[in-house]
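So the structure is just underneath, and the comments pick up after that.
The values are calculated or read from the model by the stated rules, or taken from the named source; none is laboratory data. Predicted, not measured: the structure shown is a model, and the values here were computed from it. In this analysis, Cβ positions are derived from the backbone assuming ideal geometry, glycine residues included, and neighbour counts consider all displayed protein chains.
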Amino acid sequence: MNAISKYWLALACALAHQASTSAAVAMQAVRPERVVLLDVERAGQQLVAVGERGVVLRSADGGGHWQAGYAPVTRTLSGVAFADGLHGVAVGHGGTVLTTADGGARWTPVTVAAIGSDALLGVLHVGGDVYLAYGAFGLYIESLDGGASWERRQPLGPDFDRHISQVIVDGGALLMVGESGTLARSADGGRHWDKLDAHYAGSFFGALALGDGALLVYGMRGNVYRSADHGNSWNKVELGSSLALMNGRRLDDGRVVLVGDAGLVAVSADRGISFTLHKSAGGKGIAQLDVKAGASLLVVGEGGVERVRLDK
């Protein structure tokens, strides 16, 4: 079993154990630091985080205080994306797709027959009313109407069955990464894909576009690769850690941050050429981070919502 499969299997087992508590008790017990969260995004000036058992946390003050609620599902929500401060899409396990028109206060389930019960691992707002969602066993769907309806596509052919970890926008193109060294680029909105080669056969868990052709891809055992030419060639970045990297963001101040297992936080001030390593105080796995960082960085993961102090 590859690393991404192990990660999701372990998470599913943990969530199944936690879900034994009744829904009513769970609703009362939601605390930002005690719930597993897998994604956090900005909806206008608001932060929205999603995670286990359909939990949705919202903060209007940058993470100082959180309002807890649940989407009308019992599945784990693994990703969320917003077109603006009101309209967004969340996805998750069991083929879960949801839409919101009020910044995440209320959610409407969307049935997508083409995906069955396979897990969706993430969602991307491309622009306008266009969203992409992706996940297990080559699952890739597209919506042109703000998430109301979806069409399944086959990004790398009908035989492609690798887990897709992330799809990002790189200028006018899309970049896809996944297990078994999956790395591909589309210049036409996802209709056709060209395989890229970073000379790495392990699983990629995420990617970042840094502008001017610079890209980062990262994943298992602390492997990070950087391209300066939109993915035509790649160089390995020596991170100094063998912990898996699960996600990353470019902060508003220009720094690049990658996060991962055991509270790992890797910070770069030179556009991903080199990194300085930090750890969260709790030492639990980090799934995602906010793009704004003042005295500390807001992260979400196995330890719920945490703040990580970054040395300047």
Output yes when any residue across the range 92-102 is farther than 22 Å from Arg31 by Cα and at pLDDT below 95, and no when none is.
no
Within the range 57-67, how many residues turn out to be touching a residue at least 40 places away in the same chain (Cβ under 8 Å) and out of contact with any Ser or Thr (no Cβ under 9 Å at 6 or more places or on another chain)?
4
Subset of the range 77-107 (residues that are without any contact (Cβ under 8 Å) to a residue 24 or more places away in the chain and among the charged types (D, E, K, R))
Asp102, Arg106
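Residue by residue, here is whether (1) surrounded by 22 or more Cβ atoms within 10 Å (Cβ to Cβ); (2) at pLDDT below 95; (3) closer than 23 Å to Gly181 by Cα; (4) over 21 Å from the mean Cα position of the chain (by Cα) holds:
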{"residue": "Ala209", "(1), (2), (3), (4)": "no, no, yes, no"}
{"residue": "Ala228", "(1), (2), (3), (4)": "no, no, yes, yes"}
{"residue": "Met246", "(1), (2), (3), (4)": "yes, no, yes, no"}
{"residue": "Arg249", "(1), (2), (3), (4)": "no, no, yes, no"}
{"residue": "Gly260", "(1), (2), (3), (4)": "yes, no, yes, no"}
{"residue": "Ile273", "(1), (2), (3), (4)": "no, no, yes, yes"}
{"residue": "Gly283", "(1), (2), (3), (4)": "no, no, no, no"}
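Do any strands (runs of 3 or more DSSP E) lying entirely in the range 196-312 carry at least 2 residues that are among the aliphatic types (A, V, I, L, M), touching a residue at least 40 places away in the same chain (Cβ under 8 Å) and touching a strand residue (DSSP E or B) at 6+ places or on another chain (Cβ under 9 Å), and which ones are they? If you could, list the steps in order and put the result at the bottom.
Numbers: elements: 204-211, 214-219, 224-227, 235-237, 245-250, 256-260, 264-268, 276-279, 286-293, 296-301, 304-309.
Once the strands (runs of 3 or more DSSP E) in the range 196-312 are filtered for at least 2 residues that are among the aliphatic types (A, V, I, L, M), touching a residue at least 40 places away in the same chain (Cβ under 8 Å) and touching a strand residue (DSSP E or B) at 6+ places or on another chain (Cβ under 9 Å), what remains is 204-211, 214-219, 245-250, 256-260, 264-268, 286-293, 296-301, 304-309.
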Outside any strand (DSSP E or B), surrounded by 14 or more Cβ atoms within 10 Å (Cβ to Cβ) and not aliphatic (A, V, I, L, M): which single residue out of Gly103, Gly122, Gly79, Gly69 fits that description?
Gly103
Quick check on my filter: what residues within the range 222-251 are closer than 18 Å to Ile164 by Cα and of a type outside the set (Phe, Trp, Tyr)?
Asn223, Val224, Gly231, Ala244, Leu245, Met246, Asn247, Gly248
List the residue pairs whose Cβ atoms are under 7 Å apart, where the first residue sits in the range 146-171 and is on the phi > 0 side of the Ramachandran plot, the second is acidic (Asp, Glu) and outside any strand (DSSP E or B), and the two are 6 or more positions apart or on different chains.
Gly146/Asp129
